[in-house]
Amino acid sequence: MNRKSVDDRIVEFDATWDDGVRLDMKLEGGRHEVKVSFSAVGRHQVLIDQMPHTLFTARDESGVWVWSRGRARLVREVKGHHGHVPTEQPDDGRITPPMPAVVSAILAKAGDSVKKGQELVVVTAMKMETRLAAGRAGVVTAVNTEVGASVMPGDVLIEVRPDGEVDDGG
Amino acid sequence: MFDKILVANRGEIAVRVMRTLREMGIASVAVYSDADKGALHVQCADQAVHIGDSEPASSYLNIGKLVDAAIETGAQAIHPGYGFLSENPEFADAVTKAGLVFIGPTSDAMARLGDKTNARKMMLQSGVPVIPGMSDPEADPARLAEAADKTGYPVLVKAASGGGGKGMRVVEHPEDLAKAARIAAGEAGAAFGNDAIYIEKYLDRPRHVEFQILADHHGNIVHLFERECSIQRRHQKIIEETPSPGIDADLRKRMGDAAISAARAAGYTNAGTVEFLVDRESNFYFLEVNTRLQVEHPITEMCLGLDLVRLQVQIAAGAPLPFSQGDVCPRGHAIECRIYAEDPVSGFMPSPGKVVAAGTPQGPGVRYDSGIFAGADVPVQYDPIMGKLIVYAHDRDTAIARMVRALEECVVLGVRTSIEFMIDLLKSEPFGHGDTHTGFIEDHMSGWVPDRDSDLWALVGDAVERSAHNAAVGVPKGSVAGDDAFSPWKRLGRWDLGGRGG
């Protein structure tokens, strides 16, 4: 079986091309016949179990985007063996923005003791302000950003070490 | 009439204004920031001036640079669009002082209406009903609490100068008031440079119904009927329609008269919008006047056969209104859906990025005012609106079906959008019944998730795209392309959909 993510979910499937226009697709125990009637750049006419679909597709760094009648899906490779979707962030004391944004305020400095839920950084994306709060109580060990910086999901803006956890020197 | 007009805005609204200027034979000047070098509005203008870096404060909010750009290019007037400086009296003032024409109301009228507590007082004096609440802004938490108790919970904490839901908080319980007031004041200060707030009664599930007005410099004022804009998320509209399914001829007449009284009281000129809330008992209350063109102005244009931007330009040039109230007769039904780069799955969080595919809805009764194209950036610095899709039909049911059809054709890939959410909303039973109110999304759409029956076609699309891509870059049959297919020279063995080479 292959695994990919469709938006935020992991899907297991099997797909085999036959002569370049027929695709045999096994998904959730079902088997589906796909025939490509026509394919142009970013636009494809396909029959899925004899039902016609017009699919628009485009790719970028994040994966392949697919459009069908007003519904868009992002299909991505699943990295690692058991699927967490990459956008999910564990609550490990690393403060990161949920979307590309600009830092508008930093409300804590290294060495501060912070409470769970305390606001640490304010970011702004497209006029909307988002306040990033500590996911747990602890001590701020690092502030890795500055006001005005453009930041991306995954960038660790502030690190919080939980109360009572010994710094392992790493 | 003017020969050249500078459009002090960006994105779809700048493009929309320039289209009318082109039709009127008036040259247009675009302004742009670093982030917008390749933006559509720059391509649509006759001339473009770079005005600064991507931060709004050093470009689209920079009065000095905008006025200088107009003078240097020989423009005689400035159209402000919506958002940015469009409702800033200092901007209107600076434009006028530089000997140019500001396409909008006078800075005095704007200042009178922009201060919301002052606007309330003005409306009370001219007999326009207002929402019960405070008449003056207040900073003292004790006095705010007193006013909230007197008004009765739930209350709405609002920025005295504001709009678009910024600096606005609903407070249900007295113990939450102080924090809400602090946040609202902070937001208001950051967004509008004025942290004054006040309190008014929070109305449960009202309709948002607004009236378009037009006033010339010769004392003529008309209203152009209503737009219902109840479908909102985060206090911002996403779907608007006209006529409102919730008001009858008598209420329409009384609200239209009130809108004209409001405009007259404020000494208003040019295009504006008087916003009202209508409660469950069909009482209406003045909300505010938007002293500019609204995002949703096209639905009025569709039902009346008018071009509001053309009328704005003509009024600014001193022409009298070409018609009177009795001549204005709306026909049919129009709906607008705003196409935002945002993710309805995560609370309508903005979704900036690069658009990698963009289709154009077409066919009978469809208008698409778009600011994007395949390859366009949706910058993180600005409002996430990418375009607005408008349909017109002879009645509401037909218009809804037409909008669903047009949204299905409105391909946008590369950023998340609300298109799928809006399709499901439009097809929902309560919307079909016209049971629309500002709590509609919370009441009827809060558990919404994208259609789960999409895995099959999504994986087929993925497979076909990879296959077509491989054919285009010359990967021989039987070789693999995973995400590494981005590097056309990289071939990893047998073609299989998991991307895990053979």
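The values are calculated or read from the model by the stated rules, or taken from the named source; none is laboratory data. Nothing here was measured: the structure is a model prediction, and the numbers come from that model. We place every Cβ from the backbone using ideal geometry, glycine too, and count neighbours over all the protein chains shown.
Suppose the filter is closer than 28 Å to B:Ala316 by Cβ, free of Cβ contacts under 8 Å to residues at least 60 places away in the same chain and either assigned by TED's automatic domain parsing to the domain that holds B:Ala271 or not in a strand (DSSP E or B) (or both); does B:Ala142 pass it? If you could, list the steps in order and put the result at the bottom.
Values: closer than 28 Å to B:Ala316 by Cβ: no; free of Cβ contacts under 8 Å to residues at least 60 places away in the same chain: yes; either assigned by TED's automatic domain parsing to the domain that holds B:Ala271 or not in a strand (DSSP E or B) (or both): yes.
Here the answer is no, as B:Ala142 does not meet what is asked.
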Looking only at the range A:124-138, which residues are hydrophobic (A, V, I, L, M, F, W, C) and more than 7 Å from chain B (Cβ to nearest Cβ)? A:Leu132, A:Ala133, A:Ala134, A:Ala137
The condition of being outside the structural domain of B:Ile372 (by TED's automatic domain parsing), touching a strand residue (DSSP E or B) at 6+ places or on another chain (Cβ under 9 Å), surrounded by fewer than 19 Cβ atoms within 10 Å (Cβ to Cβ) and in contact (Cβ under 8 Å) with a residue 12 or more places away in the chain holds, among B:Gly83, B:Gly52, only for B:Gly52
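Identify all residues within the range B:350-370 that are farther than 19 Å from A:Gly63 by Cβ and within 11 Å of another protein chain (Cβ to nearest Cβ); write none if there are none. Steps first, please.
Step one: list which residues in the range B:350-370 are farther than 19 Å from A:Gly63 by Cβ, which gives B:350, B:359-370.
Result: B:Pro350, B:Gly359, B:Pro361.
Pick out the one residue from B:Glu281, B:Glu241, B:Glu275 that is among the acidic types (Asp, Glu), modelled with pLDDT of 95 or more and over 24 Å from B:Asp216 (Cα atoms).
The unique qualifying residue is B:Glu241.
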Spot the failing condition for B:Ala109; the list is (1) surrounded by fewer than 24 Cβ atoms within 10 Å (Cβ to Cβ); (2) over 23 Å from B:Tyr268 (Cβ atoms); (3) in contact with a Phe, Trp or Tyr (Cβ under 9 Å, 6 or more places away or on another chain), and only one is missed. (2)
Only residues that are on the phi > 0 side of the Ramachandran plot and in contact with a helix residue (DSSP H, G or I) (Cβ under 9 Å, 6 or more places away or on another chain): list them for the range B:220-257, please. B:Phe225
I'd like to know if the range B:371-385 contains one or more residues that are away from chain A (no Cβ under 14 Å) and either part of a helix (DSSP H, G or I) or within 21 Å of B:Ile13 (Cα to Cα) (or both). no
Does the range A:96-110 include one or more residues that are outside any loop (DSSP other than H, G, I, E, B), more than 7 Å from chain B (Cβ to nearest Cβ), modelled with pLDDT under 90 and out of contact with any Asp or Glu (no Cβ under 8 Å at 6 or more places or on another chain)? yes
Unique residue being more than 9 Å from every other protein chain (Cβ to nearest Cβ), in a helix (DSSP H, G or I) and under 20 Å from the mean Cα position of the chain (by Cα) when the list is B:Leu389, B:Leu425: B:Leu425
Subset of the range B:267-326 that is of a type in the set (Val, Ile, Thr) and under 18 Å from the mean Cα position of the chain (by Cα) - its residue that is farthest from B:Leu251 (Cα to Cα): B:Val309
Cβ-Cβ distance below 9 Å, separation of 6 or more or different chains: which pairs start in the range B:423-444 with a residue that is outside the structural domain of B:Glu275 (by TED's automatic domain parsing) and end on one that is among the acidic types (Asp, Glu) and surrounded by fewer than 17 Cβ atoms within 10 Å (Cβ to Cβ)? B:Asp424/B:Asp451; B:Pro430/B:Asp443; B:Gly432/B:Asp397; B:Asp435/B:Glu429; B:His437/B:Asp204; B:His437/B:Asp443; B:Gly439/B:Asp204; B:His444/B:Glu429
Tell me, which residue of the range B:188-237 that is assigned to a strand (DSSP E or B) and within 14 Å of chain A (Cβ to nearest Cβ) is farthest from the chain's Cα centre (by Cα)? B:Arg233
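To keep it simple, each residue is scored yes or no on (1) within 9 Å of chain A (Cβ to nearest Cβ); (2) modelled with pLDDT of 60 or more; (3) surrounded by fewer than 19 Cβ atoms within 10 Å (Cβ to Cβ).
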residue	(1), (2), (3)
B:His437	no, yes, no
B:Val460	yes, yes, no
B:Ala471	yes, yes, yes
B:Gly482	yes, no, yes
B:Ala485	yes, no, no
B:Lys490	no, no, yes
B:Gly493	no, no, yes
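Hey, does the range B:244-257 have a residue that's assigned by TED's automatic domain parsing to the domain that holds B:Val289, part of a strand (DSSP E or B) and basic (Lys, Arg)? Quick ask: steps written out before the conclusion?
To start, the set of residues in the range B:244-257 that are assigned by TED's automatic domain parsing to the domain that holds B:Val289 comprises B:244-257.
Next cut, part of a strand (DSSP E or B) only: none.
Checked against the condition, which is being assigned by TED's automatic domain parsing to the domain that holds B:Val289, part of a strand (DSSP E or B) and basic (Lys, Arg), the range B:244-257 yields no hits at all.
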Among residues belonging to the range B:207-237 that are of a type in the set (Gly, Ala, Ser) and in contact (Cβ under 8 Å) with a residue 60 or more places away in the chain, point out the one that is nearest to B:Gly439 (Cα to Cα). B:Ser230
Just a yes or no: is a residue in the range B:230-238 surrounded by fewer than 22 Cβ atoms within 10 Å (Cβ to Cβ) and either in the same structural domain as B:Pro80 (by TED's automatic domain parsing) or within 22 Å of B:Pro129 (Cβ to Cβ) (or both)? yes
Residue list for the range A:144-157, filter: touching a residue at least 24 places away in the same chain (Cβ under 8 Å), surrounded by fewer than 19 Cβ atoms within 10 Å (Cβ to Cβ) and more than 9 Å from every other protein chain (Cβ to nearest Cβ): A:Glu146, A:Val147, A:Ala149, A:Met152, A:Pro153, A:Gly154, A:Asp155, A:Val156
Being away from chain A (no Cβ under 14 Å), part of a helix (DSSP H, G or I) and out of contact with any helix residue (DSSP H, G or I) (no Cβ under 9 Å at 6 or more places or on another chain) is the requirement here; does B:Lys150 meet it? yes
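Would you pick out the residues in the range A:111-123 that are more than 14 Å from every other protein chain (Cβ to nearest Cβ) and assigned to a strand (DSSP E or B)? Spell out how you get there, then give the answer.
We begin by selecting, within the range A:111-123, every residue more than 14 Å from every other protein chain (Cβ to nearest Cβ); these are A:111-116, A:120-121.
Within the range A:111-123, A:Ser113, A:Val114, A:Leu120, A:Val121 qualify.
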